[in-house]
C-alpha cells in the first residue's frame with residue numbers, strides 16, 4: 001500500500017486550536033473531494049513537549065519541533081498514487097489547495113516523503 005507522509009507547520013498567526021479546527025473542518029473535506037483515489041488521510045498532531053521522560057530527551061536541547069502535524073496519505077495501489085500525483089499537477093487543483101492552505105498553514109515549510 002503506497003503511503004506519503006507530510007510534515008506540516010501552522011501559520012504563526014494561527015493558534016494551535018484554530019489550526020486543528022480549520023484543518024479538520026475545511027482542509028480535510030477539500031482534499032478528500034479533490035482526490036478520490038485517496039484511501040486514508042490521517043493526521044497526528046504533535047505536542048509541545050520534547051521529553052518522553054526525564055531521562056530520555058526526544059530531541060536535542062534548545063529546539064522544539066518545527067512541525068505541528070504529521071499527515072499520512074495512503075492509497076490502495078501504485079496506480080491510485082499515480083492518479084493522485086496527476087490530479088495534483090492540474091492547475092485548478094493546485095490553486096484551490098494553495099488558496100485554502102494560506103488560511104492556516106505555512107506551505108513553504110511543508111515536507112513530504114514517500115514511506116513504507
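The values are calculated or read from the model by the stated rules, or taken from the named source; none is laboratory data. These numbers were taken from a predicted model, which means no experiment stands behind them. Here Cβ is always computed from backbone atoms with ideal geometry, including for glycine, and neighbour counts include all displayed protein chains.
In table form, for the structure just shown:
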quantity	calculated
Segment 51-84 - residue that is under 19 Å from the mean Cα position of the chain (by Cα) and loosely packed, with under 12 Cβ neighbours inside 10 Å and, of those, modelled with the highest pLDDT	66
Evaluation of residue 92 against (1) at pLDDT 95 or above; (2) surrounded by 13 or more Cβ atoms within 10 Å (Cβ to Cβ) (one fails), failing number	(2)
Every residue from segment 103-116 that is touching a residue at least 12 places away in the same chain (Cβ under 8 Å) and surrounded by 11 or more Cβ atoms within 10 Å (Cβ to Cβ)	103, 104, 105, 106, 109, 110, 111, 112
Selection within segment 1-29 - closer than 21 Å to residue 39 by Cβ and outside any helix (DSSP H, G or I)	1, 2, 3, 4, 5, 6, 7, 8
